[in-house]
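Enquirer: Got a structure here, written out as C-alpha cells. Questions coming.
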Amino acid sequence: MEKIRNFKELRIWQKGIEIVKDIYILTKRFPKEELYGLTSQMRRSAISIPSNIAEGFKRYHNKEYSQFLHITLGSAAELETQLTIAKELGFIKNEEKLIVGILEKLDHTSRMISSLLNKLK
C-alpha cells in the first residue's frame, strides 16, 4: 500500500469538502435573518470537518492527529444537530434529497474517521 503524502489524497478530507459544498448550497436558501445565526453556524461546522482533518494530518504525532480527528467527529455531530434544528424550524422544506445526501456523507465520514482513529491507536 502506497503512503499518503498529502491530506488532499485522504478520502475523508474529500468527503468533507463535498459536505461543505452541500451545506453552502443548502444554507443559501435559508432566510436572510439567519445569515449570522444558523447559516453561519452550519457553515463553520461544515468547514471545520475538512479543516481539522488537514491540520491533524500535518501534525507529526499520532496523538495530535487523533485529537484533531476527535474534533472533526464533534463538528460532524454538531452539523447533524444543526440540520435537525433547521428542519424543525421549517428552513428545509423541499431539499429532502440534499439533506439525506448530507446525512449519509456525515455518517460515512464519521465511520471512516472512527476507523482511522482505531488504526492510529
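Enquirer: Of everything in the range 19-62, what is more than 24 Å from E88 (Cα to Cα) and not small (G, A, S)? Give them in sequence order. Spell out how you get there, then give the answer.
Expert: Initially, the range 19-62 is screened for residues more than 24 Å from E88 (Cα to Cα), giving 50-62.
Matches in the range 19-62: P50, N52, I53, E55, F57, K58, R59, Y60, H61, N62.
Enquirer: Against the definition (over 29 Å from K119 (Cβ atoms), in contact (Cβ under 8 Å) with a residue 40 or more places away in the chain and assigned to a helix (DSSP H, G or I)), how does A54 come out, yes or no?
Expert: no
Enquirer: Kindly indicate whether any position in the range 96-110 is of a type in the set (A, V, I, L, M), surrounded by fewer than 13 Cβ atoms within 10 Å (Cβ to Cβ) and either over 12 Å from G16 (Cβ atoms) or free of Cβ contacts under 8 Å to residues at least 60 places away in the same chain (or both).
Expert: yes
Enquirer: Mind checking which residues of the range 80-95 are exposed (fewer than 12 other Cβ atoms within 10 Å of the Cβ) and not in a helix (DSSP H, G or I)?
Expert: Across the range 80-95, the qualifying residues are G90, K93, N94.
Enquirer: Scanning the range 57-71 for residues that are in contact (Cβ under 8 Å) with a residue 40 or more places away in the chain and assigned to a helix (DSSP H, G or I), which turns out surrounded by the most Cβ atoms within 10 Å (Cβ to Cβ)?
Expert: Among residues in the range 57-71 that are in contact (Cβ under 8 Å) with a residue 40 or more places away in the chain and assigned to a helix (DSSP H, G or I), the one surrounded by the most Cβ atoms within 10 Å (Cβ to Cβ) is L69.
Enquirer: I'd like to verify a number: residues in the range 41-75 that are in contact with an Asp or Glu (Cβ under 9 Å, 6 or more places away or on another chain), within 17 Å of K121 (Cβ to Cβ) and small (G, A, S), how many?
Expert: Number of matching residues: 1.
Enquirer: Specify which of the listed residues (R44, R29) is in a helix (DSSP H, G or I), surrounded by 12 or more Cβ atoms within 10 Å (Cβ to Cβ), of a type in the set (D, E, K, R) and at negative phi.
Expert: R44
Enquirer: Right, another one. For L73, only one of the following conditions fails: (1) farther than 29 Å from P31 by Cα; (2) among the hydrophobic types (A, V, I, L, M, F, W, C); (3) modelled with pLDDT of 95 or more. What is its number?
Expert: Of everything listed in (1) farther than 29 Å from P31 by Cα; (2) among the hydrophobic types (A, V, I, L, M, F, W, C); (3) modelled with pLDDT of 95 or more, L73 misses just condition (1).
The values are calculated or read from the model by the stated rules, or taken from the named source; none is laboratory data. As the structure is a computational prediction, the values presented were derived from the model and not from experiment. Reconstructed Cβ throughout: ideal geometry from the backbone, glycine too, with neighbour counts over all protein chains shown.
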